[in-house]
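Notes follow once the structure below has been shown.
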Amino acid sequence: MSSTTAGSPTPLSRFAAFARRTLRNPEMRAVMTDALGLFGTGSGTVELRLVHAAGGVWREWHAANDQVRELSQTEWPAPSPAALTVKFDDGEESGFVSVSPVSSEAEGLLELLAPQLGTVAMWNNAMRQNRKHRRSETELVQAALRARDDERQRITHELHDDIGQTVATLKLQLKVIEKRLRSEFATADLKDLDDARETAGQLLGRIRSLSHTLYPHVLDTLGLVPALQELSSQVSNPPELRARCRVHGEPRDIGRDEAVALYRCCQEAISNTIRHAAATELDLSIEYSAQTVRVAIEDNGKGFDPRQFYDTAGRLMSEGFWTIRQRMSAVGGSFRVGTSAGQGTSVEVIIPFKKTEAS
Ligand SMILES: Nc1ncnc2c1ncn2[C@@H]1O[C@H](COP(=O)(O)OP(=O)(O)OP(=O)(O)O)[C@@H](O)[C@H]1O
Ligand SMILES: [Mg+2]
């Protein structure tokens, strides 16, 4: 819809059309180019400047000769005395919009245009801050996840190689003592010693299993596929849940961080099935294509309504899914959940192979 009257458009109708366009595309360069075009009907070079305060500096958008430049400076870039200027507020040093050369038509148009340009600049500034803030928050979370993985690996090492070895030695020593006592006192009641040896054995089993949960060394030694196959084969609770693991395509190395991220996401999805789904089947499928590794964890359980965990951007923000998303985004991967009440749940994590020189 256009509001032009018969004959040439008035400054007001030109401004209205401009305002509609900025609503559709508020990107600063496009807006400045568009605004410059509104003044550019006469002869000679038109110069349009928009200056506003942004996070402790003066940001200037400068448009002339169809070119838009963005400048940033600590000193107030005063308007030229020869330009037509509209300030944003009354202070000595204020944001402003200025245009030169001066003309009577430019005067009316600039009065209309200045608040609109100021608002668009503020909006762009807020969006920029928001993006920066979101990025640094993501970096922080990813650094925390990395630190947690490193710490887990360190604890695993201590558990397995230090405490685990000590308990294994203790078990052996108990066995030696038992043997000696049996040979010296054939009729001695050694039940307590037997029990102690059994307890030491159980403790060793728990240490190994805990150390494995904390960091699956099989990832480093045998790789992702055996590690995931082992993970699914360990699902034994609840007893009615049957898990299987299938591999499609030719497995190849995806990188250590990527493998750890996939493994952790599978652990979380499998633990969700065990804890929440009341499922009887769990399918883990690993698919290698030329560009990606895709791992899907599907169950036939009760499913859920994911909307209850959505944020305003439609992302799942509950703790477990949020961690899966962070892990995937740290390695350039993606993640999807498909579910609805009564329809089971599928969690899909995909990581692209890194591009090499040759590919
Ligand atoms: N496979 C599933 N079947 C049914 N419901 C599920 C399944 N996976 C997740 N859910 C539902 O989604 C919710 C959020 O899952 P999420 O993993 O984010 O958190 P959590 O498992 O409750 O807690 P955490 O993972 O931090 O221990 C769960 O509480 C559960 O209600
Ligand atoms: Mg969970």
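Only the coordinates and a few stated rules stand behind these numbers; no lab work does. Here the structure is a predicted model, which is why all the values come from computation and not from measurement. Counting neighbours? That spans all protein chains shown, and the Cβs are built from the backbone with ideal geometry, glycine included.
Quick look at the numbers
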| read-out | value |
| --- | --- |
| Cα long-axis angle, helix 319-330 against the chain (0 to 90 degrees, to the nearest 10) | 70 degrees |
| Cα centroid separation, region 55-127 to region 207-251 (Å) | 62 Å |
| Convex hull (Cα only) mean projected area of the chain, reported in nm² to one decimal | 31.4 nm² |
| Relative compactness, region 11-136, computed as alpha-carbon Rg over 2.2 N^0.38 Å | 1.03 |
| Crossing angle, helix 256-272 versus the chain [Cα axis fit, 0-90 degrees, rounded to tens] | 80 degrees |
| Stokes-Einstein D for region 142-214, Kirkwood Rh over Cα pairs, 20 °C, 1.002 mPa s (µm²/s) | 152 µm²/s |
| Crossing angle, helix 28-39 versus the chain [Cα axis fit, 0-90 degrees, rounded to tens] | 10 degrees |
| Neighbourhood net charge (10 Å Cβ-Cβ; Lys/Arg +1, Asp/Glu -1) for Val235 | +2 |
| Cα lying deepest toward the dipole's positive end in the chain, options Ser94, Asn124, Gly108, charges on Cβ | Asn124 |
| About the Cα centre, charge dipole magnitude for the chain (Lys/Arg +1, Asp/Glu -1 at Cβ), debye | 660 debye |
| Cut-off 12 Å between beta-carbons: net charge of the residues surrounding Asp192, Lys and Arg +1, Asp and Glu -1 | -3 |
| Interatomic Cα distance distribution for region 185-315, bins of 10 angstrom, percent | 10, 31, 28, 17, 8, 5, 1, 0 |
| Sequence-separation-based contact order of the chain, relative, with Cα cut under 8 Å and 6+ spacing, percent | 9 percent |
| Cβ-based net charge around Gly333, under 13 Å, with every Lys or Arg adding one and every Asp or Glu removing one | +3 |
